[in-house]
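Only one structure is covered here, and it is reproduced in the block below.
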Amino acid sequence: MPPNTFDVARARGLYPTVGAGMAHLEGPLSAVQPESVVRAIIATLRSAPSQPGSRSARSQRAMRSVQQARQAVADLLGATPESVVLGASQADLTLRFAAVASLDWQLGDEIVLSRLDTDLQLRSWLSVARAKAVVVRWAEADLETGELPAWQYEQLIGRHTRIVTVPLGNPTTGTVPDVPTIAELAHDHGALIVVDAGSALTHLPISLEALGADLVTFTASTIGGPTTAAMAARPGLLLEITGGTNPPARERLEVGPLPVELLDGLTAAIDHLAGLGEPPEGPRRARILASVNAVREYTADLYARLDRGLRALPTVTVLGTSHE
């Protein structure tokens with residue numbers, strides 16, 4: 001990719017806090033919000049947002065915000081808007097999905113979790129596992145490299161496995177497991193793959209189909225969005241886990257009021273990500289892929305320089321694979 005597809009000076013000018021002279025290094029947990037996101041949220045609050053469902057102007061505007069957010073998330077993850085579920089937090093969405101997906105679990109069933117899963121994700125799955133009395137198996141991380149070896153899943157996944165969770169971009173280690181290989185193993189045994197996008201969305205082009213994932217979850221704060229979350233399922237999954245019964249699975253997952261005042265901020269964050277690279281026009285999905293690849297190339301070079309510098313210090317031990 002040409003090096004001029006990512007204009008660093010322009011990108012810095014889009015963030016109101018960057019000019020304060022302080023480096024914010026907790027980005028994987030909560031990225032700095034760009035000005036467009038801040039403005040979008042303020043504009044929505046000034047319009048006195050309501051919940052969708054009625055014929056009032058406020059309610060109809062809220063419905064448009066929900067539909068736009070679903071489409072934006074679908075473009076971000078390579079999914080369809082019909083399979084996008086919105087919510088207040090990633091942990092809450094995961095817990096709701098786990099509760100619906102586990103309706104037919106039986107004693108002796110198993111789930112496979114990872115030592116690199118975040119604490120919030122683990123709480124949701126462990127809570128359901130205890131309630132259903134299913135066996136929890138653990139995928140271990142390599143302590144020296146921080147990697148999550150795919151070969152171990154050949155022993156972990158079996159005919160009783162129902163769910164396999166995979167952290168795509170752990171906020172602490174940045175580990176990117178071989179999700180397609182793990183997904184193939186899981187699908188061979190009829191299990192579902194649930195991927196936590198973690199901090200990967202601004203560094204890797206994500207495609208639900210390419211990953212082989214059944215569900216991808218993320219929190220908007222990792223891409224500079226507000227404190228809200230979303231997940232996208234492969235086509236048909238939301239009907240499968242409920243047997244096509246009423247109410248539809250998405251309605252069973254989106255329980256309670258939606259954070260309508262923040263959904264425009266979520267859409268703005270995805271639009272911001274799509275506008276960081278070139279070309280500046282065209283379908284949003286194509287612009288997202290171009291931007292993420294441009295950002296990835298730039299930040300990979302920065303990290304390689306940091307990695308070399310740290311490894312050159314005799315008093316510093318660096319865990320992980322060298323970027324030489």
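Quick notes on this one:
- The single residue among PRO177, PRO235, PRO205 that is modelled with pLDDT of 90 or more, over 11 Å from the mean Cα position of the chain (by Cα), under 26 Å from PRO34 (Cβ atoms) and surrounded by fewer than 23 Cβ atoms within 10 Å (Cβ to Cβ) turns out to be PRO205.
- Matching residues, the stretch 114-166, being charged (D, E, K, R), under 26 Å from LEU319 (Cβ atoms) and touching a residue at least 24 places away in the same chain (Cβ under 8 Å): ARG115, ASP117, ARG123, ARG137, GLU140, GLU144, GLU147, GLU154
- Test result for GLU251, open to solvent by 60 Å² or more (accessible area, probe 1.4 Å), of a type outside the set (A, V, I, L, M, F, W, C) and more than 25 Å from PRO34 (Cβ to Cβ): yes
- Any chance PRO259 is open to solvent by 20 Å² or more (accessible area, probe 1.4 Å) and over 29 Å from ASP104 (Cα atoms): no
- Any chance ARG284 is within 24 Å of the chain's Cα centre (by Cα), modelled with pLDDT of 85 or more, surrounded by fewer than 20 Cβ atoms within 10 Å (Cβ to Cβ) and not hydrophobic (A, V, I, L, M, F, W, C): yes
- In the stretch 295-312, the residues that are over 19 Å from LEU273 (Cα atoms) reach residues that are of a type outside the set (A, V, I, L, M) and surrounded by 12 or more Cβ atoms within 10 Å (Cβ to Cβ) with C-beta atoms within less than 7 angstrom, at least six apart or across chains, in these pairs: TYR303/HIS323; ALA304/HIS323; ASP307/HIS323.
- Checked against (1) surrounded by fewer than 16 Cβ atoms within 10 Å (Cβ to Cβ); (2) under 23 Å from LEU263 (Cα atoms); (3) among the polar types (S, T, N, Q), GLN68 passes all but condition (1).
- The set of residues from the stretch 125-158 being open to solvent by 70 Å² or more (accessible area, probe 1.4 Å), under 21 Å from HIS189 (Cβ atoms) and in a loop (DSSP other than H, G, I, E, B) comprises GLU140, TRP151.
- Subset of the stretch 267-281 (residues that are at pLDDT 90 or above and over 17 Å from VAL8 (Cα atoms)): THR267, ALA268, ALA269, ILE270, ASP271
- Reported count of residues in the stretch 159-178, each being among the hydrophobic types (A, V, I, L, M, F, W, C) and not in a loop (DSSP other than H, G, I, E, B), is 3.
- Scan of the stretch 180-213 for residues that are of a type in the set (A, V, I, L, M), part of a helix (DSSP H, G or I) and over 22 Å from ALA290 (Cβ atoms), ordered by number: ILE182, ALA183, LEU185, ALA186
- Per-region count, the stretch 101-119, residues open to solvent by less than 10 Å² (accessible area, probe 1.4 Å) and at pLDDT below 95: 1
- Candidates in the stretch 29-70 are the residues that are free of Cβ contacts under 8 Å to residues at least 12 places away in the same chain and part of a helix (DSSP H, G or I); of these, the one that is farthest from the chain's Cα centre (by Cα) is ALA57.
- Scanning the stretch 75-100 for residues that are among the aliphatic types (A, V, I, L, M), in contact with a Gly (Cβ under 9 Å, 6 or more places away or on another chain) and open to solvent by less than 20 Å² (accessible area, probe 1.4 Å) gives a single hit, LEU93.
The values are calculated or read from the model by the stated rules, or taken from the named source; none is laboratory data. This one's a predicted model, so the numbers in the text were calculated from it and none came from an experiment. Backbone-built Cβ (ideal geometry, glycine too); neighbour counts: all protein chains shown. Keep in mind that these areas ignore ligands, DNA and RNA; they rest on the heavy atoms of the full protein, side chains included. Shrake-Rupley method; radii C 1.70, N 1.55, O 1.52, S 1.80 Å.
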